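See structure below.
The values are calculated or read from the model by the stated rules, or taken from the named source; none is laboratory data. Remember, predicted model here, so these are calculated numbers, not experimental data. No Cβ is skipped: glycine too gets one built from the backbone with ideal geometry, and neighbour counts run over all protein chains shown. Side chains included, ligands, DNA and RNA excluded: accessible areas come from the protein's heavy atoms. Shrake-Rupley method; radii C 1.70, N 1.55, O 1.52, S 1.80 Å.
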Amino acid sequence: MKHDRYRDGIDGGILDDDRIRVILCGVVFLAAFMLIAARLYFLQLHKGEEHRKLIARQSERFVRIPGMRGCIYSSDGMLLAGNRQSYDLLFFPPEMHQGRRKRTVAHMHKCAASLAGAIGRDNFPAEKEFNRHLRNDPGIPMTIFRDLTPAELARAMECARDIRGVDIQYSPVRYYPGGDIAGHIIGYTRKIDFSTASDRKDFRYYNHDIEGKSGIELAFDTFDSFDRTYSSIGLRAMPGRAVIQVNNIGYAHKELLGRTEPVHGNDIILTLNARAQKIAEKLLENYTGALVAVDASNGDIICAATSPRIDLNEFSPRLDPKRYNELLNDPRKPLINRAFQAIYPPGSTIKPLMCLAFLKAGVNPDEEIYCPGESAVGNTTIGCSAHRYHGDDMTMIKALEKSCNNYMIHNALNTGMEALADMMELAGFGRKTGLPVPESAGDLPSRELKLKRYKTRWNNYDTALLSIGQGIISVTPLQLAVYTAAIANGGDVWQPQIVDRMVDRRGITRYEPLPVKKRRLPVTPEQLEVVRQGMFQVVNSSGGSGRRAKADGLTIYGKTGTAEIGPRDKRRNITHFIAFVDFQDKTYALALTIEDGHSGGRTCAPIAAEFFRQFLLK
């Protein structure tokens, strides 16, 4: 009996130990389960939203939706830059999927080659481009051909019937109805380079905008590029966005809610009058040069023609590299906007301004100066205009009428170069006018510039040359027009304007630059009238140097100019004519420059008269 009880005790102890182990294991498992449950509860309650966003981010893609670019119009309503629909051929990878990427790439490349042969194009994406697209954006359409012609479109649609995953998409392309009308001023556009786009990281699929690359297209591309005081957008639209949902291998299968539509760009109305611009460009067709006409009362540019011209449609959507090299190597330099960027010695068109400097310095306009046909300056001589002998009756008005060099040189040496240079600076020479498009400043004469450029000091010969518009002085045709306008309007130097206003799609004005009076010529109305009378005689007297500018029905005031440039054995003439005319409560000022002309009187004056005749009388 004792033995059995002993065994029962041992067995009971062993059983108690086993029970304890089971209980301990249960507690451990229960604790672990409780920890897991607590962790899951914490993640679900406190981190759930964050994880849901992460999951959504893996299945959602932001797509950029470009808006329509604003248009550019002339002041008389002609469309100068607009948008047309381009037909682009796209492949949809989800519809062309062949199981493995390598097989899909080969299939897409084969289809592209087949379509290229059908529509007659040589260029289409290489296999590596298809591979890159499938690796990075397999759920996004891939553009194969852009800007299909109607014939190409018909052939592509016929050929694509048997190819799954091919579609035609409409996209806007910049076009220029006038072709080469005001081409240098309007400028051109390009598709934005994705690698340099400021918002490239915000979108997985980037539908490109077009951005301005030159001219008004560049200056008003985005509004803050030219004026930060206004809250608006420029020509370029504000993009919208859409969210698409993709599956686990990146293929899109639906567009989600939350699509934001783009805001279209604003329209620009220029001060240019399209009719005046066409007339000027037609008159310059057989020449190399520029013609600028402005409203003398406020500085608005009425036309700014440059010859040779460029056809902007060659630049859209992209200029052919071969054609670009042709333009770059053309000796006439057609890519230069001669109206605003080319600088020339002004020749005798500077003489009205010189006379204003003489008058301010106290010169009597009625004093007669003898003209023997040449002026001795130091050890050299300077011939009078066209080497003519004018006699001893050169008053200021007659000196302007005959364009007498001797009269100018005589008074310039007595007045001094500083007074002449000051008047030129006040007229706007040697500085940019303030246009939003590229322009040149030209050269304002100074002793420092002579020393820096030629390593010699200023002398009387330099002053003599300066008084007849040669030597260290260069101007743009625009600067000549602005200074002529100041003489026409009573002495006010206005900042030229090329943009009249910017409006949104509802016609509401979003930006309107105000006229800016930069300075005033420091002369009296009586002094100004002397110069105006001299310019009247230039055109309207029988012996005036610009008598070929006379036009029935118009009273034109003008001044001719001819400057020589280049080495002695290869001298070239730069010919000018400046003029102004009053017509129906408006005053228009003009500057015309023609390279390699005969003279300002023979070459330019008749063209200026014809411009005024066609623009104002017809």
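Residue by residue through the range 112-162, note down the ones that are open to solvent by less than 50 Å² (accessible area, probe 1.4 Å), within 33 Å of the chain's Cα centre (by Cα) and more than 30 Å from V243 (Cβ to Cβ).
Passing the criteria: E152, L153.
Find all pairs meeting these conditions: Cβ atoms under 9 angstrom apart; at least six residues apart or on different chains; first residue within the range 320-349 and without any contact (Cβ under 8 Å) to a residue 24 or more places away in the chain and at positive phi; second residue surrounded by 12 or more Cβ atoms within 10 Å (Cβ to Cβ) and not acidic (D, E).
Filtered contacts from the range 320-349: K333/T288; K333/P308; K333/L327; K333/A342.
Is it the case that some residue within the range 210-220 is open to solvent by less than 20 Å² (accessible area, probe 1.4 Å), at pLDDT 90 or above, in contact with an Asp or Glu (Cβ under 6 Å, 6 or more places away or on another chain) and under 20 Å from G434 (Cα atoms)?
Initial filter on the range 210-220 (open to solvent by less than 20 Å² (accessible area, probe 1.4 Å)): 212, 215-217, 219-220.
Next, from what is left, pick out any that are at pLDDT 90 or above: 212, 215-217, 219-220.
With in contact with an Asp or Glu (Cβ under 6 Å, 6 or more places away or on another chain) added as a condition, the list becomes 212.
The next check asks that each one be under 20 Å from G434 (Cα atoms); those that pass are 212.
Looking for residues that are open to solvent by less than 20 Å² (accessible area, probe 1.4 Å), at pLDDT 90 or above, in contact with an Asp or Glu (Cβ under 6 Å, 6 or more places away or on another chain) and under 20 Å from G434 (Cα atoms), one finds at least one in the range 210-220, hence yes.
From E127, E95, which residue is farther than 30 Å from D311 by Cα and at pLDDT 90 or above? Steps first, answer last, please.
Working: E95 fails: at pLDDT 90 or above.
Checking each option against the conditions leaves just E127.
Could you check V530 against (1) under 26 Å from I301 (Cβ atoms); (2) among the β-branched types (V, I, T); (3) modelled with pLDDT of 95 or more and say which number it fails?
Looking at each condition in turn, V530 falls short on (1).
Can you work out which of the residues in the range 551-567 that are touching a residue at least 12 places away in the same chain (Cβ under 8 Å) and out of contact with any strand residue (DSSP E or B) (no Cβ under 8 Å at 6 or more places or on another chain) is surrounded by the most Cβ atoms within 10 Å (Cβ to Cβ)? Working first, answer last.
We begin by selecting, within the range 551-567, every residue touching a residue at least 12 places away in the same chain (Cβ under 8 Å); these are 551, 553-565.
Narrowing the set further to residues that are out of contact with any strand residue (DSSP E or B) (no Cβ under 8 Å at 6 or more places or on another chain) leaves 551, 553.
Values: A551: 19, G553: 9.
Across the range 551-567, the extreme among qualifying residues is A551.
State all residues of the range 589-612 that are open to solvent by 20 Å² or more (accessible area, probe 1.4 Å) and in contact with a Leu (Cβ under 7 Å, 6 or more places away or on another chain); if no residue qualifies, say none.
E610
Pick out, from the range 251-367, the helices (runs of 4 or more DSSP H) lying fully within it that include 1 or more residues that are touching a Leu at 6+ places or on another chain (Cβ under 8 Å) and modelled with pLDDT of 95 or more. Spell out how you get there, then give the answer.
Details: elements: 274-283, 321-329, 351-360.
Answer list for the range 251-367: 274-283, 351-360.
Could you grab the pairs with beta carbons closer than 8 Å, sequence gap of 6+ or different chains, first residue in the range 87-113 and within 18 Å of I140 (Cβ to Cβ), second one part of a helix (DSSP H, G or I) and open to solvent by 70 Å² or more (accessible area, probe 1.4 Å)?
Here the result reads R101/R135; V105/E127; H109/E127, each pair linking the range 87-113 to a residue that is part of a helix (DSSP H, G or I) and open to solvent by 70 Å² or more (accessible area, probe 1.4 Å).
Kindly establish whether D392 is under 30 Å from I301 (Cα atoms) and among the charged types (D, E, K, R).
On the way: under 30 Å from I301 (Cα atoms): no; among the charged types (D, E, K, R): yes.
Spelling it out, it is not the case that D392 is under 30 Å from I301 (Cα atoms) and among the charged types (D, E, K, R).
Tally up the residues in the range 163-208 that are assigned to a helix (DSSP H, G or I) and either open to solvent by 60 Å² or more (accessible area, probe 1.4 Å) or at pLDDT below 80 (or both), please. Steps first, answer last, please.
Kept after step one, since they are assigned to a helix (DSSP H, G or I), are these residues of the range 163-208: 183-186, 194-196, 200-202.
Restricting the remaining residues to those that are either open to solvent by 60 Å² or more (accessible area, probe 1.4 Å) or at pLDDT below 80 (or both) gives 194-196, 200-202.
Number of matching residues: 6.
Are any residues in the range 321-365 within 18 Å of R572 (Cβ to Cβ) and among the aliphatic types (A, V, I, L, M), and if so, which ones?
Listed by number, the residues that qualify are I336, A342, I343.
Just a yes or no: is a residue in the range 584-596 within 31 Å of the chain's Cα centre (by Cα), on the phi > 0 side of the Ramachandran plot and touching a residue at least 24 places away in the same chain (Cβ under 8 Å)? Show your work before the answer.
Going residue by residue through the range 584-596, those that are within 31 Å of the chain's Cα centre (by Cα) are 586-596.
Applying the additional criterion that residues be on the phi > 0 side of the Ramachandran plot yields 596.
Of the ones still in play, those that are also touching a residue at least 24 places away in the same chain (Cβ under 8 Å) are 596.
Checked against the condition, which is being within 31 Å of the chain's Cα centre (by Cα), on the phi > 0 side of the Ramachandran plot and touching a residue at least 24 places away in the same chain (Cβ under 8 Å), the range 584-596 yields at least one hit.
Scan the range 458-485 and report the pairs whose first residue is farther than 24 Å from M396 by Cα and whose second residue is buried (at least 24 other Cβ atoms within 10 Å of the Cβ) and at pLDDT below 95, with Cβ atoms within less than 7 Å and a gap of 6+ or a chain change.
none
Anything in the range 572-588 that is in contact with a strand residue (DSSP E or B) (Cβ under 9 Å, 6 or more places away or on another chain) and open to solvent by 10 Å² or more (accessible area, probe 1.4 Å)? List them, or say none. Walk me through it before giving the result.
Residues of the range 572-588 that are in contact with a strand residue (DSSP E or B) (Cβ under 9 Å, 6 or more places away or on another chain), as a first pass: 572-582, 586-588.
Within the range 572-588, R572, N573, D582, K586, T587, Y588 qualify.
Between residues in the range 568-580 that are in a strand (DSSP E or B) and residues that are among the acidic types (D, E) and open to solvent by 80 Å² or more (accessible area, probe 1.4 Å), which pairs lie under 6 Å by C-beta distance while being six or more apart or on different chains?
Once the first residue is in a strand (DSSP E or B) and sits in the range 568-580, its partners that are among the acidic types (D, E) and open to solvent by 80 Å² or more (accessible area, probe 1.4 Å) give R572/D596.
Looking only at the range 302-337, filter to residues that are of a type in the set (S, T, Y) and over 16 Å from the mean Cα position of the chain (by Cα); which one of those is surrounded by the fewest Cβ atoms within 10 Å (Cβ to Cβ)?
Initially, the range 302-337 is screened for residues of a type in the set (S, T, Y), giving 306-307, 316, 324.
So of that shortlist, the ones also over 16 Å from the mean Cα position of the chain (by Cα) come out as 307, 324.
On the way: S307: 22, Y324: 14.
If we take residues in the range 302-337 being of a type in the set (S, T, Y) and over 16 Å from the mean Cα position of the chain (by Cα), then Y324 is surrounded by the fewest Cβ atoms within 10 Å (Cβ to Cβ).
Could you tell me how many of the residues in the range 350-404 are surrounded by fewer than 24 Cβ atoms within 10 Å (Cβ to Cβ), in contact (Cβ under 8 Å) with a residue 40 or more places away in the chain, within 23 Å of R547 (Cβ to Cβ) and basic (K, R)?
Qualifying residue count, the range 350-404: 1.
Quick one: which helices (runs of 4 or more DSSP H) lie wholly within the range 416-519 and hold at least 1 residues that are of a type in the set (D, E, K, R) and open to solvent by 40 Å² or more (accessible area, probe 1.4 Å)? Show your work before the answer.
Values: elements: 417-427, 447-454, 460-467, 477-489.
Here the list reads 417-427, 447-454.
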